[in-house]
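K.L.:
After the structure tokens below, expect a handful of questions from me.
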Amino acid sequence: RTTMKSLRFISAEAFVSNAEFARKSLGAVAHDLFPLLFKASYLLEQGEVIHDLVENWPLFDFNMGKLLGATLDYQEDLSHRTCSVCLESCLTGLRDYVLNQSSPYMKKLKVVDLTGIKDVEVQFCKCKKTMGRWARTQLLSKLCSELLVYLHQAQCNPGTFEISINVLIDLFVTERNYELVLQALLKKCSCPLKICCVAFRSDNLTLQKFFYIIKLIDPSLLRKLEIVHNVHLEMEHLEMLFNSIHFPQLMSLTLPARTFNVRRFTATDEQMLTNIGEKMGEMTQLTELSMSFSILTGRIQKLLSPLKTPLKMLDVSNCSLNHADMAFLANSFHANHLEAVDLSGHNIPELYPSTFFKLLRHCSSVLRSLTLEDCNIQDTHVNMLILGLSPCQKLQEFKFIGNPLSSQALKHLFTFLCELPKLKNVEFPVPRDCYPIGIIYPIDDANLCRFDHQKYERVAEELNLILSQANREDVKASTPLFGSYDAAVQETNNELGAYLIKSFKETLQKFTTSLNKMS
């Protein structure tokens, strides 16, 4: 698919394709052409030209999402290209904007917005080297520190110290880049480039470090907070966080696994849960909540009823919800507004089929994404599922990996899915008849890949044929056995793997020591 380019854009491409000529000629270029030249340079991966454009940026703001998004001159959205060459050139150009004393333009730049960059699985840039969110956090922090060192050592123009540029960014902090980010945040006041954190993700970080760094971020700007995987945050820590910091703009909250465990609740814990619910109720912008792999049996109402704004996204996968929890969700004011729901890990057909379908009916007019992985959906439930999904005409994504469905049932379901006009992505399970007879669901990791791969390929071809015969080649159907693509996990998997091995070794050592003491 080729996207039409205007004559202006074609001319811009021709101009920047000769990097040496373009760099020499920038002084004669009209200010309003800089955005056009930037997008053309980004498309052609002209790193040196990108650097010089940013270094001499003549406008008040620099918004990556808008600059790379669809424009009249070139409709294609390039914001999902996290090309390392382009992004590094961009950020070093920003540093040199501050240092450049011979720029022909008066320095007007006040706001740089890097939040519009989207991390995706497939990259189209020629260099094939990406710069993800973690690496962008690392590089910006490094450049801020270097800038301060240089300003204090060199004889700079006094005007340089008056430059103040707010750099809006989605920070991603782990143990490995913690010190660098910490230093940049501590010295924010004296640095011309001021890191303004709009979204914060922390992984593989001790609680002490997490609490220290979160207090250095301006909470009034924070719209998204993700505390994931190897941050051992429990309920008492969450209460402490909400009591000590106010998040007036927070729209999205993700909590790590096992934040809540109602099985060992005391009266004090019940009060703590009530307090957390009330604190979340004060977050009037909160519309997205993810609490997967916590044990919340019978407590969903206590946690969610104080919310004053309806949720648009709710992930309560593997949270051991009971009938009362599902009844609350189905009847709550959130139900009519939910655009994305994840109820994975719950035996829906056995525990609360009618309540689930009531929830589905209430959110059907807005629902865009539905995830029902490992929900014990069997062949006998497919007709009922089709009936429940029929009103969901805005559904774009349906994930149901790990359900014991036969090839025949999947074909029946796919024939229906072709009728959902907005559908773009389907994640379906390996058919039950591809596994050995007697396989037990949910399938453990050891047996997950022990299926007839040739038979699976034949079934997958048949399912794609159903889509193509219905002219639905726009629908991507896949079976990601070990979960959907996660850009953040992909980028830091080496660090997380090393952390898990270290934890495993420590556990083994403790176990060996205990055995030695016993003997």
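The values are calculated or read from the model by the stated rules, or taken from the named source; none is laboratory data. Fair warning: this is a prediction, and the values are worked out from it, not measured in the lab. Heads up, the Cβs are rebuilt from the backbone with ideal geometry, glycines too, and the neighbour counts pull from every protein chain shown. The area values use the complete protein model at the heavy-atom level, side chains included, leaving out ligands, DNA and RNA. Shrake-Rupley method; radii C 1.70, N 1.55, O 1.52, S 1.80 Å.
K.L.:
Just how large is the dipole of the range 7-131 about the Cα centre, in debye to the nearest 20, putting +1 at every Lys and Arg Cβ and -1 at every Asp and Glu Cβ?
P.N.:
On the way: 14 positive and 16 negative charges, 31 e Å.
The calculated dipole for the range 7-131 is roughly 140 debye.
K.L.:
Out of 406, 111, 137, whose Cα points farthest toward the positive end of the dipole of the chain (charges: +1 Lys, Arg; -1 Asp, Glu; placed on Cβ)?
P.N.:
Positive-end residue among those listed: 111.
K.L.:
Let me ask something else. Relative contact order for the chain: what is it in percent, counting Cα pairs under 8 Å that are at least 6 residues apart? Don't skip to the end; give the middle numbers.
P.N.:
Working: 881 pairs, mean separation 38.1, N = 519.
Over the chain, the number comes to 7 percent.
K.L.:
Which value, in debye to the nearest 20, gives the size of the charge dipole of the chain about its Cα centre, when Lys and Arg are +1 and Asp and Glu are -1 at the Cβ?
P.N.:
Details: 54 positive and 56 negative charges, 114 e Å.
Result for the chain is approximately 540 debye, rounded to the nearest 20.
K.L.:
Here is a further query. How large is the helix-only mean residue ellipticity at 222 nm for the chain, computed as the sum of -39500 (n - 2.57) over DSSP H runs with n ≥ 4, divided by its residue count, in deg cm²/dmol to the nearest 500? Before the final figure, lay out the partial values.
P.N.:
Numbers: 19 runs with 218 residues, N = 519.
That comes out to -13000 deg cm²/dmol.
K.L.:
Might you tell me the accessible area per residue for the chain, computed with a 1.4 Å probe and given in Å²?
P.N.:
Numbers: 24720 Å² over 519 residues.
On a per-residue basis, the chain sits at 48 Å².
K.L.:
Excluding residue 455 itself, calculate the net charge of residues whose Cβ lies under 12 Å from the Cβ of residue 455, where each Lys or Arg counts +1 and each Asp or Glu counts -1.
P.N.:
Details: positive: 432, 458; negative: 433, 452, 457, 461, 462.
Charge balance in the 12 Å sphere: -3.
K.L.:
Something else: Could you compute the longest span of the chain free of chymotrypsin sites (Phe, Trp or Tyr not before Pro) located in DSSP loops and having at most 14 other Cβ atoms within 10 Å, not counting the site residues? Don't skip to the answer; put the middle values down first.
P.N.:
On the way: sites that count: 60, 124, 333, 482, 485.
Result for the longest clean stretch: 125-332.
K.L.:
Could you work out the local net charge near residue 20, counting Lys and Arg as +1, Asp and Glu as -1, over the other residues with Cβ closer than 14 Å to its Cβ?
P.N.:
On the way: positive: 23, 24; negative: 48, 52.
Charge balance in the 14 Å sphere: 0.
K.L.:
In addition: Which percent of the accessible heavy-atom area of the range 8-104 goes to carbon and sulfur, probe 1.4 angstrom? Before the final figure, lay out the partial values.
P.N.:
Numbers: 2100 of 3860 Å².
C and S fraction of accessible area: 54 percent.
K.L.:
Still on this structure: Would you please name the GluC sites (Glu not before Pro) within the range 453-492 that are DSSP coil residues with at most 10 other C-beta atoms within 10 Å of their C-beta?
P.N.:
Values: sites: 457, 461, 462, 473, 491; in loops: 473.
Answer by residue number: 473.
K.L.:
With the convex hull built on the Cα atoms of the chain, state its orientation-averaged projected area in nm².
P.N.:
So the mean shadow area of the Cα hull is 29.7 nm².
K.L.:
Is the C-alpha gyration tensor of the range 73-214 telling us rounded, prolate or oblate? Criteria: a/c under 1.5 is rounded; beyond that, a/b larger than b/c is prolate, otherwise oblate.
P.N.:
Working: a/c = 2.02, a/b = 1.11, b/c = 1.82.
Oblate, since a/c reaches 1.5 and b/c is not below a/b.
K.L.:
Please report the accessible area of residue 240 (heavy atoms, 1.4 Å probe, ligands and nucleic acids excluded) in Å², nearest 10.
P.N.:
100
K.L.:
Less than 19 Å apart at the alpha-carbon level, and either on another chain or at least 8 residues along: which lysines does that give for residue 129?
P.N.:
Filter leaves 39, 118.
K.L.:
Just to be sure I understand the rule: take each whole DSSP H helix in the chain, project its Cα atoms onto its long axis, keep it if the span is 20 Å or more and its mean Kyte-Doolittle hydropathy is at least 0.5. Which ones pass?
P.N.:
Numbers: long enough: 84-99 (22 Å, 0.82); 133-153 (30 Å, 0.01); 267-281 (21 Å, -0.65); 453-469 (24 Å, -0.75); 487-518 (46 Å, -0.40).
Long hydrophobic helices here: 84-99.
K.L.:
Name the trypsin sites (Lys or Arg not before Pro) in the range 68-142 that are in a loop by DSSP and that have at most 16 other C-beta atoms within 10 Å, would you? Mind dumping the intermediate values first?
P.N.:
Details: sites: 81, 95, 107, 108, 110, 118, 126, 128, 129, 133, 136, 142; in loops: 81, 107, 108, 110, 118, 126, 128, 129.
Here the sparse-neighbourhood loop sites are 108, 110, 118, 126, 128, 129.
K.L.:
While we're on this one: Choose one of 389, 275, 375: the residue whose Cα lies farthest towards the positive end of the charge dipole of the range 219-486 (beta-carbon charges +1 Lys, Arg; -1 Asp, Glu; about the Cα centre).
P.N.:
389
K.L.:
As a test, work out the antiparallel percent of DSSP beta bridges whose residues both lie in the chain, rounded to the nearest 5. Don't skip to the end; give the middle numbers.
P.N.:
Working: 2 of 46 bridges.
In the chain, approximately 5 percent of DSSP beta bridges are antiparallel ones.
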